[in-house]
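The values are calculated or read from the model by the stated rules, or taken from the named source; none is laboratory data. If you're wondering where the values come from, they're calculated on a predicted model, not measured in any experiment. Please note: Cβ atoms are built from the backbone with ideal geometry, for glycine as well, and neighbour counts cover all protein chains shown.
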Amino acid sequence: MRVAVTGGAGFIGSHLVERLVELGHSVVVVDNLSSGSLSNLGKVRDKVEVKIADVKDLEACLDAFKDVDVVYHLAANPEVRVSVTNPKVHFDENAYATFVVAEASRLSNRVKAIVFASSSTVYGDASVPTPEDSILRPISVYGASKAAAELILHSYAHLYGMKVVVLRYANIVGPRLRHGVIYDFLMKLSKNPDVLEVLGDGSQRKSYLHVDDAVDATILAAESSGGVFEVYNVGNIDWIEVSEIARIVSKVLGLKPRVVFTGGTKDGRGWPGDVKFMLLSIDKIASLGWRPKYSSAKAVELAAQSMAAELGLLRSHT
């Protein structure tokens, strides 16, 4: 097939592009490079078509999708904390951008399916493990923008007959990741190896999944889903506390810093809108034959090792 990957030069997107190329698909990468980088496509740069464009531009999307069968829509602003300071960013980059992608797919008269990268944040503070039929009660604008995007796609699926597969990702980690708690800890320790500041009280507990496992689940769901609109949680079978992540990252760098818990909210969250406890039920995706290869702790360790190497931190501290 010929497929388009929006955000294909980003973290998850670039890993997905590599796998799609391995599977023999013709791939168009659509990315404005605001957070992605062409260097992320190093292994397959000469095997894919790259369109440097913003997915909020309808004409650009129409051009990119004109010969495409499936759109993997991963373009978004992934930094949840932006919700607090600049909520419009998440509306524009996540909700409105998804509307444009859906409309361009409709107008293309060729796109048969959209595979959408959503988020566990759509559930908000839910009971765990959280199944797909839980009520969506996001507590951040990021989560709300992802939930809104899902509803837009739901209406397009039913009105225009396009198949839609929604993937509600847990925290995805691995090589090329440049945001989130692991990256934050690596940056802090590179500046001060003696002290590591942790936002919140350290008891925040969440599920972490290695990007290789996430890509496996994404492609399996896209190829196996038979419904008009299907939602799959994509997470791990276990979870891990932030304080343990701090220990793992410090160990990877060969450091033993003094850990200081500071900032955050009165109830120990890292920031307003942060979901303190997150563990998804993955029974639905598991029924297709998928299981994660790595535990949350192992995924964090592997991610920290690869990211530290990419950032040149291992040479500095070991």
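A quick yes/no check of all residues on (1) outside the structural domain of Thr85 (by TED's automatic domain parsing); (2) surrounded by fewer than 22 Cβ atoms within 10 Å (Cβ to Cβ); (3) without any contact (Cβ under 8 Å) to a residue 12 or more places away in the chain; (4) assigned to a strand (DSSP E or B):
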position	(1), (2), (3), (4)
Ser127	no, yes, yes, no
Ser145	no, no, no, no
His154	no, yes, no, no
Ala214	no, no, no, no
Thr218	no, no, no, no
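Number of residues in segment 298-318 that are surrounded by 14 or more Cβ atoms within 10 Å (Cβ to Cβ) and in contact (Cβ under 8 Å) with a residue 60 or more places away in the chain: the value is 14.
Residue selection: Glu197 fails the criterion of being acidic (Asp, Glu) and over 20 Å from Ala308 (Cα atoms). Within segment 278-296, the set of residues being more than 18 Å from the chain's Cα centre (by Cα), surrounded by 13 or more Cβ atoms within 10 Å (Cβ to Cβ) and not in a loop (DSSP other than H, G, I, E, B) comprises Lys284, Ala286.
Selection within segment 38-96: residues that are of a type in the set (A, V, I, L, M, F, W, C) and in contact with a Lys or Arg (Cβ under 6 Å, 6 or more places away or on another chain). The member of this set that is farthest from Gly7 (Cα to Cα) is Val68. Out of Ser119, Ser155, one residue alone is among the hydroxyl-bearing types (Ser, Thr, Tyr), closer than 22 Å to Thr98 by Cβ and under 20 Å from the mean Cα position of the chain (by Cα). It is Ser119. Is at least one residue of segment 19-35 basic (Lys, Arg) and either in the same structural domain as Arg178 (by TED's automatic domain parsing) or more than 19 Å from Val68 (Cα to Cα) (or both)? Within segment 19-35, none of the residues are basic (Lys, Arg) and either in the same structural domain as Arg178 (by TED's automatic domain parsing) or more than 19 Å from Val68 (Cα to Cα) (or both). If I filter segment 156-170 for residues that are surrounded by 18 or more Cβ atoms within 10 Å (Cβ to Cβ) and in a helix (DSSP H, G or I), do I get at least one hit? Scanning segment 156-170 turns up at least one residue that is surrounded by 18 or more Cβ atoms within 10 Å (Cβ to Cβ) and in a helix (DSSP H, G or I).
Can you tell me which residue in segment 233-249 is nearest to Ser296 (Cα to Cα), limited to those that are outside any helix (DSSP H, G or I) and touching an Asp or Glu at 6+ places or on another chain (Cβ under 9 Å)?
Let us first name the residues in segment 233-249 that are outside any helix (DSSP H, G or I), namely 233-241.
Restricting the remaining residues to those that are touching an Asp or Glu at 6+ places or on another chain (Cβ under 9 Å) gives 233-234, 236.
Values: Asn233: 15, Val234: 13, Asn236: 6 Å.
Here the residue is Asn236.
Restricting the first member to segment 68-86 and to residues that are under 18 Å from Asp54 (Cβ atoms) and in the same structural domain as Thr98 (by TED's automatic domain parsing), and the second to residues that are of a type in the set (S, T, N, Q) and part of a helix (DSSP H, G or I), the beta-carbon pairs closer than 8 Å and six or more apart or on different chains are Val68/Ser108; Val71/Ser105; Tyr72/Thr218; His73/Thr98; Ala76/Asn94; Asn77/Asn94. Taking segment 250-277 as the range and being touching a strand residue (DSSP E or B) at 6+ places or on another chain (Cβ under 8 Å) and either part of a helix (DSSP H, G or I) or polar (S, T, N, Q) (or both) as the test, the residues that pass are Ser250, Thr262. Among the residues of segment 171-200, those that are within 30 Å of Val17 (Cα to Cα) and not in a helix (DSSP H, G or I) comprise Asn171, Ile172, Val173, Gly174, Pro175, Arg176, Leu177, Arg178, His179, Gly180. On the given criteria, is Ser145 closer than 21 Å to Gly273 by Cβ, in contact with a strand residue (DSSP E or B) (Cβ under 6 Å, 6 or more places away or on another chain) and modelled with pLDDT of 95 or more? Answer is no for this residue. The helices (runs of 4 or more DSSP H) located wholly in segment 8-121 that include 1 or more residues which are crowded, with 23+ Cβ neighbours inside 10 Å and out of contact with any Phe, Trp or Tyr (no Cβ under 7 Å at 6 or more places or on another chain) occupy 11-22, 58-65, 97-108.
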